[in-house]
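Report on the structure given below.
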2 protein chains.
Amino acid sequence: MTDRPRACSIANALAIVGERWSLLALREVFLGVRRFDQIARNTGASRDILTARLRKLVEAGVLEKRQYEQHPPRYEYVLTEPGRALHPVLIALMDWGDRYVTEGPAPTVWRHSCGEVFTPRTVCECCGEPVRLADMTLVRTTRLPG
Amino acid sequence: MTDRPRACSIANALAIVGERWSLLALREVFLGVRRFDQIARNTGASRDILTARLRKLVEAGVLEKRQYEQHPPRYEYVLTEPGRALHPVLIALMDWGDRYVTEGPAPTVWRHSCGEVFTPRTVCECCGEPVRLADMTLVRTTRLPG
């Protein structure tokens with residue numbers, strides 16, 4: 001049993017959204033871009049790969065494919081509630097990329113309703129303190145069944 | 001120019017840590033597991049793929065490979081400062097996986113120093129309010145140079 005890989009919600013999440021083009025397609029929908037052609041252009045994904053990734057996201061319940069025109073039939077992609085809940089994942093990746101990978105100024109800038117340019121911080125939901133690794137104690141991990 | 005893909009720190013971040021086994025290897029190092037054999041066992045990654053992913057993370061400055069024994073030579077992987085800064089990314093993925101993908105109880109549970117089981121929340125660093133999509137206004141996005 002102890003030789004089995006860890007059971008892990010990070011692994012489970014990555015099975016749904018762990019592909020580069022999946023997260024970049026979701027980025028576009030968060031930015032309000034809902035149509036296939038525009039998502040393809042803004043991400044640079046090939047049409048074949050993008051089609052496969054969007055289908056998988058729809059099947060997983062992260063996106064909904066909605067018909068917005070009858071003649072000719074046209075579709076757009078909208079976030080479901082699980083899809084909207086991925087916002088912190090994209091924010092965390094953007095913030096890390098801004099600080100450690102991208103050269104020069106941040107390519108994408110958001111303003112928060114408080115009036116300031118938005119910078120995220122991850123806190124403990126209970127006490128509100130910023131999360132530091134040293135403040136976390138592992139309670140349990142589990143292994144995949146053999 | 002407007003037909004170029006978006007310049008994007010999410011894309012830049014994913015170029016470094018966007019592969020499934022990269023993030024799962026980093027998960028292990030965050031859990032205190034530093035040696036190749038243990039990382040391989042706990043993730044279930046093949047040794048070839050794990051070797052390639054760890055090498056890439058070391059080259060990108062996310063992990064440091066450190067010799068801890070001379071005879072025979074043995075190495076361990078430790079987080080650099082950019083590596084430690086990925087903590088919010090892993091936390092956000094774990095939380096989303098716990099809530100929307102994993103069936104049953106959370107496989108991994110942490111306790112925060114405040115005494116409560118840890119649940120993350122993403123807030124605005126400036127005002128401390130929880131981030132809601134409706135409270136974010138886009139200031140600018142940019143395109144990759146042609």
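Every number in this text was worked out from the coordinates using simple rules, so none of it is lab data. Quick caveat: nothing in here was measured; it's all calculated off a predicted structure. Cβ sites come from the backbone with ideal geometry, for glycine too, and all protein chains shown count toward neighbours.
Under 22 Å of direct C-alpha separation, and excluding same-chain neighbours fewer than eight residues apart, B:LYS65 reaches these lysines: B:LYS56. With the label put 7 angstrom out from Cα along the Cα-to-Cβ vector, A:PRO130 ends up 2.1 nm from the copy partners, going from closest to farthest. Distances between equivalent label points of A:VAL58 across the copies, with each point positioned 7 Å along Cα→Cβ, amount to 4.4 nm, shortest listed first.
The other copies place their A:ARG143 label points at 5.4 nm from this one, listed shortest first, where each point is 7 Å from Cα along Cα→Cβ. Ranked for footprinting exposure by Cβ neighbours inside 10 Å, fewest first, B:GLU116, B:GLU103 give B:GLU103, B:GLU116. Along the stretch B:52-64 the Karplus relation, 6.51 cos²θ - 1.76 cosθ + 1.60 evaluated at θ = phi - 60°, assigns HN-Hα couplings of 5, 5, 5, 4, 5, 5, 5, 4, 7, x, 8, 10, 10 Hz to successive residues, with x for each Gly and Pro. Taking all Cα pairs closer than 8 Å and separated by 6 or more residues, the relative contact order of chain A comes to 27 percent.
The tail of the calculated P(r) for chain A beyond 26 Å holds 41 percent of all Cα-Cα pairs. Computed from label points 7 Å out along Cα-Cβ, the spacing between A:LEU133 and B:GLN38 is 1.4 nm. Helical runs (DSSP H, four residues minimum) scored at -39500 (n - 2.57) apiece and divided by the length of chain A put the mean residue ellipticity at 222 nm at -12000 deg cm²/dmol. Placing unit charges on the Cβ atoms only, positive for Lys and Arg and negative for Asp and Glu, gives chain A a dipole magnitude near 380 debye about its Cα centre. Sorting B:90-97, B:36-43 by average packing, meaning the other beta carbons within 10 Å per residue, from highest down gives B:90-97, B:36-43.
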